[in-house]
Amino acid sequence: MKTYHTIQELQATGIVTAGVSLRTGGVSHAPYASLNLAEHVGDDANAVAANREILFQQTGLRDLRYCRQVHGKRVIDVDDAAGASLEDPPEADALISERSGVGLGIFTADCIPIFILDIATPAIGIAHAGWRGTFARIAVNTLAQMEVRFGTVPTNCRIHLGPSIQKCCYTVSTELRTQFAERFGSTVHDGTNLSLQVANVNQLIEAGLPSNSISISSLCTACRTDLFYSHRAENGQTGRMLSYIQLSVEN
Ligand SMILES: [Zn+2]
């Protein structure tokens with residue numbers, strides 16, 4: 001059973017391992033069946049630990065860092081903060097690093113995992129962007145922190161928006177749609193539905209990213225509950241995927 005989906009757009013560079021876990025191939029029971037990687041959703045902690053072991057063995061990930069996600073826009077430089085560990089994760093919604101062999105992980109079930117690879121430095125970042133994080137410009141904030149810490153230049157970056165809920169399944173209130181259109185342009189919505197992907201792309205282009213440096217997964221988590229967890233499609237009772245990126249260790 002497949003346990004992860006490789007982000008080819010980034011892994012093709014040859015300098016990173018990047019992917020998102022699937023919901024298949026694990027040991028958790030419904031409504032978390034079966035490869036739930038997050039402890040905070042009510043699943044059995046032993047099952048989550050077993051699932052992480054399965055994923056780590058299959059992907060080769062070892063030293064993976066997490067944060068306690070709060071739908072904000074705080075970014076943690078894990079090279080700097082010893083606390084960005086599994087045991088005591090800091091509150092944040094994005095992680096950055098320029099060290100080889102250190103994995104950065106974000107949990108999602110509809111929200112967008114935003115992968116950032118600065119090919120020149122090289123350095124990496126990953127951000128958790130639901131509607132709140134997107135509205136607060138977490139993608140641009142993560143890029144800005146990489147610029148401060150690592151000297152990252154936007155034109156040297158490749159960005160990927162991973163599997164997440166797409167416009168087809170994301171009906172929102174008129175108020176939210178209006179707020180997004182005012183901030184990110186009218187292309188963010190289509191009738192009653194909002195595209196968080198377009199809102200992120202528009203803010204990244206405004207920040208200097210060439211549009212051809214950004215790729216978007218065509219997989220909608222709410223359409224594909226056979227592969228992914230979907231908070232909305234499963235009425236909030238579900239597991240979480242883990243999105244991860246790690247700079248390869250030079251041989
Ligand atoms: Zn959909």
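From the list Leu194, Leu209, pick out the single residue that is more than 16 Å from the ligand (Cβ to nearest atom) and buried (at least 20 other Cβ atoms within 10 Å of the Cβ). From the options Leu194, Leu209, the qualifying one is Leu209. For the stretch 186-201, taking the residues that are part of a helix (DSSP H, G or I) and hydrophobic (A, V, I, L, M, F, W, C), the one that is nearest to Cys111 (Cα to Cα) is identified as Leu196. Of the residues making up the stretch 137-159, those that are assigned to a loop (DSSP other than H, G, I, E, B) and buried (at least 23 other Cβ atoms within 10 Å of the Cβ) number 1.
Have a look at Val27, Val41 and point out the one that is surrounded by fewer than 21 Cβ atoms within 10 Å (Cβ to Cβ), in contact with a Lys or Arg (Cβ under 7 Å, 6 or more places away or on another chain), part of a loop (DSSP other than H, G, I, E, B) and touching a residue at least 12 places away in the same chain (Cβ under 8 Å). Explain how you work it out, then say what you get.
Details: Val27 fails: in contact with a Lys or Arg (Cβ under 7 Å, 6 or more places away or on another chain).
Result of the check over Val27, Val41: Val41.
The number of residues in the stretch 90-117 that are more than 16 Å from the chain's Cα centre (by Cα) and charged (D, E, K, R) comes to 2. Taken as a whole, the structure places Phe115 among residues that are crowded, with 23+ Cβ neighbours inside 10 Å and of a type outside the set (Gly, Ala, Ser).
Determine whether Leu204 is part of a loop (DSSP other than H, G, I, E, B) and either free of Cβ contacts under 8 Å to residues at least 12 places away in the same chain or crowded, with 19+ Cβ neighbours inside 10 Å (or both). Steps first, please.
Working: part of a loop (DSSP other than H, G, I, E, B): no; either free of Cβ contacts under 8 Å to residues at least 12 places away in the same chain or crowded, with 19+ Cβ neighbours inside 10 Å (or both): yes.
No; evaluated as a whole, the condition is false for this residue.
Scanning the stretch 109-129 for residues that are over 19 Å from Gln8 (Cα atoms) and assigned to a strand (DSSP E or B) returns His128, Ala129. Scanning the stretch 216-226 for residues that are over 16 Å from the mean Cα position of the chain (by Cα) and more than 9 Å from the ligand (Cβ to nearest atom) gives Thr225, Asp226. If you go through the stretch 239-251 and keep only what is under 25 Å from Glu98 (Cβ atoms), touching a residue at least 24 places away in the same chain (Cβ under 8 Å) and assigned to a loop (DSSP other than H, G, I, E, B), you end up with Ser248, Val249, Glu250.
One residue alone among Ala136, Ala144 is out of contact with any His (no Cβ under 8 Å at 6 or more places or on another chain), under 22 Å from Phe107 (Cβ atoms) and among the hydrophobic types (A, V, I, L, M, F, W, C), and that residue is Ala136.
I need the full set of residues from the stretch 160-184 which are part of a helix (DSSP H, G or I) and either modelled with pLDDT under 95 or within 16 Å of the ligand (Cβ to nearest atom) (or both), in order please. Lys167, Cys168, Cys169 - these are the residues of the stretch 160-184 that are part of a helix (DSSP H, G or I) and either modelled with pLDDT under 95 or within 16 Å of the ligand (Cβ to nearest atom) (or both).
Taking the residues in the stretch 218-238 that are of a type outside the set (D, E, K, R), part of a loop (DSSP other than H, G, I, E, B) and touching a helix residue (DSSP H, G or I) at 6+ places or on another chain (Cβ under 9 Å) as candidates, determine which candidate is surrounded by the most Cβ atoms within 10 Å (Cβ to Cβ). Lay out the reasoning, then the answer.
Filtering the stretch 218-238 for residues of a type outside the set (D, E, K, R) gives 218-223, 225, 227-231, 233, 235-238.
Next cut, part of a loop (DSSP other than H, G, I, E, B) only: 218-219, 221-223, 225, 227-231, 233, 235-238.
Restricting the remaining residues to those that are touching a helix residue (DSSP H, G or I) at 6+ places or on another chain (Cβ under 9 Å) gives 221-223, 230, 233.
On the way: Thr221: 30, Ala222: 20, Cys223: 15, Ser230: 24, Ala233: 18.
Here the answer is Thr221.
For the stretch 96-121, the set of residues classified as closer than 19 Å to Leu209 by Cβ, of a type outside the set (Asp, Glu) and touching a helix residue (DSSP H, G or I) at 6+ places or on another chain (Cβ under 9 Å) consists of Ile96, Ile112, Ile114, Phe115, Ile116, Leu117, Ile119, Ala120, Thr121, listed by residue number.
Tell me, please, whether a residue that is over 26 Å from Tyr32 (Cα atoms) and within 16 Å of the ligand (Cβ to nearest atom) can be found in the stretch 229-239. Please lay out each step first, then the result.
Taking the stretch 229-239 as the starting set, the residues that turn out to be over 26 Å from Tyr32 (Cα atoms) are none.
Checking the stretch 229-239: not a single residue is over 26 Å from Tyr32 (Cα atoms) and within 16 Å of the ligand (Cβ to nearest atom).
The values are calculated or read from the model by the stated rules, or taken from the named source; none is laboratory data. Quantities reported herein were computed from a predicted structural model and do not represent experimental measurements. Quick reminder, even Gly has a Cβ in these numbers, built from the backbone with ideal geometry, and neighbours come from all protein chains shown.
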